[in-house]
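Engineer: Before anything else, here's the structure in question.
The values are calculated or read from the model by the stated rules, or taken from the named source; none is laboratory data. For clarity, every value in this text was computed on a predicted model and none was experimentally measured. We place every Cβ from the backbone using ideal geometry, glycine too, and count neighbours over all the protein chains shown. Accessible surface areas use protein heavy atoms only, side chains included; no ligands, DNA or RNA. Shrake-Rupley method; radii C 1.70, N 1.55, O 1.52, S 1.80 Å.
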Amino acid sequence: MQTITGTDTEKARHFLINGELVAIPTETVYGLAANALDENAVVKIFEAKNRPSFNPLIVHVGSWQAAQKYVQHIPAKAKLLAEKFTPGPLTFLLEKKSIIPDIVTAGSEKVAIRIPDHPLTLSLLQTLDFPLAAPSANPFGYISPTTAQHVLQNFAGKIPYILEGGAASIGLESTIIGFNENEQPLLYRSGGISIEAIEAVLNEKFLPAPTSPQKNPETSGQLESHYAPHTPLYTGDIDELKKQFAGKQMASISFTKHFEAIDTDKQFVLSGEGSLAEAARNLFAALRAIDTMNVEVILAEKFPDEGIGRAINDRLGRAQAKNKP
Ligand code: TXA
Ligand code: MG
């Protein structure tokens with residue numbers, strides 16, 4: 001199969017209507033999209049990503065009016081947050097209607113709904129009479145793509161079309177939230193909208209999501225090992241880690257600082273001026289770049305644990321889990 005990259009939403013629409021996969025740009029990361037109401041099309045997502053079928057998909061819609069066709073009820077708190085933060089990097093777990101196939105939710109009664117904030121994808125969604133199921137467009141467990149080029153690296157020859165929408169402006173996946181039976185907010189995955197910002201709007205603290213991260217996680221964002229480069233990654237104090245790995249080819253991921261004894265071209269300073277938003281935007285591209293270099297270990301520092309810094313630390317933590325020294 002030939003993979004075309006372009007900005008033609010009409011072409012994208014054509015492939016989607018015919019049950020094919022199309023990579024779509026969003027403000028967080030690129031998604032691998034299919035008609036969410038077409039089980040055969042959705043199966044192709046799981047096959048292309050090599051994704052286990054217990055792992056449900058986010059359903060993307062163009063408006064809350066469209067969302068109402070797919071969910072039973074939108075809690076008042078969800079509406080409040082939706083007004084404030086969507087379109088944007090916030091995903092809501094809500095009771096699904098039966099029109100959403102079980103394969104999309106992996107059998108769960110809840111469906112993850114998101115309105116992405118990207119002009120091309122929003123206009124595409126508005127021309128479709130079905131929603132788009134779309135996980136991040138990376139092989140299962142690997143780093144999410146923030147450019148069309150990243151998608152091509154992993155899916156050339158496997159999907160017909162990549163909708164080119166430039167580099168993702170947020171660069172980390174959406175925050176996923178849900179509500180318990182008392183409509184208290186539950187946090188499933190930290191991401192593009194900070195926990196602090198949501199709690200400020202609700203004037204209420206999150207409760208942790210109900211499942212343990214190791215066993216039967218409710219979301220793959222909760223899997224301990226995920227978002228991982230092929231090169232082993234360690235987080236901590238880079239000056240300390242440097243001593244531990246003396247003699248090895250090292251690359252570093254840091255917030256603002258450079259380090260001695262690591263090659264300059266292998267040092268990825270994510271934001272010289274100390275912006276966590278900029279660091280988030282650069283993280284996944286840096287990890288992918290390092291994976292193409294001749295490097296034996298990646299040393300990553302801990303970022304300030306606030307705002308989107310929490311999501312950065314979350315992703316780095318999961319990237320390292322299977323490589324404990
Ligand atoms: O920013 C994003 O959310 C990107 C863009 C493409 O929208 N998508 C994304 O999808 O990150 P994915 O599949 O890589 O991560 C979605 C997470 C997974 O951890 C999945 O388990 C969880 O959402 N999820 C989806 N539907 C769910 C459901 N019904 N119940 C619980 N978790 C769900
Ligand atoms: Mg993903």
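Engineer: Which one of these does A23 not meet: (1) part of a loop (DSSP other than H, G, I, E, B); (2) within 15 Å of ligand 1 (Cβ to nearest atom)?
Structural biologist: (1)
Engineer: Restricting to segment 171-194, what's the tally of residues that are open to solvent by 10 Å² or more (accessible area, probe 1.4 Å) and either in the same structural domain as D314 (by TED's automatic domain parsing) or over 16 Å from R318 (Cβ atoms) (or both)?
Structural biologist: 10
Engineer: Here are the criteria: (1) open to solvent by 30 Å² or more (accessible area, probe 1.4 Å); (2) modelled with pLDDT of 95 or more; (3) within 16 Å of ligand 2 (Cβ to nearest atom). Tell me which single one K49 does not satisfy.
Structural biologist: (1)
Engineer: Given the criterion under 16 Å from P89 (Cα atoms), away from ligand 2 (no atom under 13 Å from the Cβ) and either over 13 Å from the mean Cα position of the chain (by Cα) or part of a helix (DSSP H, G or I) (or both), identify the matching residue among I193, I177, I170, I162.
Structural biologist: Values: I193 fails: either over 13 Å from the mean Cα position of the chain (by Cα) or part of a helix (DSSP H, G or I) (or both); I170 fails: either over 13 Å from the mean Cα position of the chain (by Cα) or part of a helix (DSSP H, G or I) (or both); I162 fails: under 16 Å from P89 (Cα atoms).
After applying the criteria, what remains is I177.
Engineer: Follow-up. Could you tell me whether segment 106-115 includes any residue that is within 16 Å of ligand 2 (Cβ to nearest atom) and among the β-branched types (V, I, T)? First the steps, then the outcome.
Structural biologist: Our first condition is that a residue be within 16 Å of ligand 2 (Cβ to nearest atom); within segment 106-115, this holds for 106, 112, 114.
Then drop every residue that is not among the β-branched types (V, I, T), which leaves none.
No, there is no match, as no residue in segment 106-115 is within 16 Å of ligand 2 (Cβ to nearest atom) and among the β-branched types (V, I, T).
Engineer: Moving on to the next point. List the pairs whose first member sits in segment 87-100 and is assigned to a loop (DSSP other than H, G, I, E, B), whose second member is open to solvent by 70 Å² or more (accessible area, probe 1.4 Å) and among the polar types (S, T, N, Q), and whose Cβ atoms are under 7 Å apart, counting only residues at least 6 apart or on separate chains?
Structural biologist: What qualifies is K97/Q72.
Engineer: Also, I was wondering about something else. Filter segment 108-129 down to the residues that are part of a loop (DSSP other than H, G, I, E, B) and either modelled with pLDDT under 95 or open to solvent by 40 Å² or more (accessible area, probe 1.4 Å) (or both), then identify the one that is farthest from E173 (Cα to Cα). Steps first, answer last, please.
Structural biologist: Initial filter on segment 108-129 (part of a loop (DSSP other than H, G, I, E, B)): 108-109, 115-118, 128-129.
Those left that are additionally either modelled with pLDDT under 95 or open to solvent by 40 Å² or more (accessible area, probe 1.4 Å) (or both): 108-109, 117, 129.
Details: S108: 21, E109: 23, D117: 12, D129: 25 Å.
Residue satisfying both the conditions and the ranking: D129.
Engineer: Have a look at L16, L90, L81, L37 and point out the one that is within 21 Å of T146 (Cα to Cα) and outside the structural domain of R315 (by TED's automatic domain parsing). Talk me through it step by step, then tell me what you get.
Structural biologist: Details: L16 fails: within 21 Å of T146 (Cα to Cα); L81 fails: within 21 Å of T146 (Cα to Cα); L37 fails: within 21 Å of T146 (Cα to Cα).
Among L16, L90, L81, L37, only L90 is within 21 Å of T146 (Cα to Cα) and outside the structural domain of R315 (by TED's automatic domain parsing).
Engineer: Taking segment 132-147 as the region of interest, how many residues are open to solvent by less than 10 Å² (accessible area, probe 1.4 Å), part of a loop (DSSP other than H, G, I, E, B) and hydrophobic (A, V, I, L, M, F, W, C)?
Structural biologist: Going through segment 132-147 one residue at a time, the tally reaches 3.
Engineer: Another one. Go over the candidates A156, A106 one by one and state the one that is among the small types (G, A, S), within 11 Å of ligand 1 (Cβ to nearest atom) and assigned by TED's automatic domain parsing to the domain that holds T26. Before the answer, list the steps.
Structural biologist: Details: A156 fails: within 11 Å of ligand 1 (Cβ to nearest atom).
Result of the check over A156, A106: A106.
Engineer: Among the candidates L37, L16, which residue alone is away from ligand 2 (no atom under 15 Å from the Cβ) and part of a loop (DSSP other than H, G, I, E, B)?
Structural biologist: Result of the check over L37, L16: L37.
Engineer: Those residues that are without any contact (Cβ under 8 Å) to a residue 12 or more places away in the chain and surrounded by 14 or more Cβ atoms within 10 Å (Cβ to Cβ), I need them from segment 9-40; list them, please.
Structural biologist: The one that is without any contact (Cβ under 8 Å) to a residue 12 or more places away in the chain and surrounded by 14 or more Cβ atoms within 10 Å (Cβ to Cβ): H14.
Engineer: Also: Could you list, in sequence order, all residues of segment 68-107 that are open to solvent by less than 60 Å² (accessible area, probe 1.4 Å), more than 20 Å from the chain's Cα centre (by Cα) and not charged (D, E, K, R)?
Structural biologist: Within segment 68-107, Y70, V71, I74, P75, A78, I100, P101, G107 meet the criteria.
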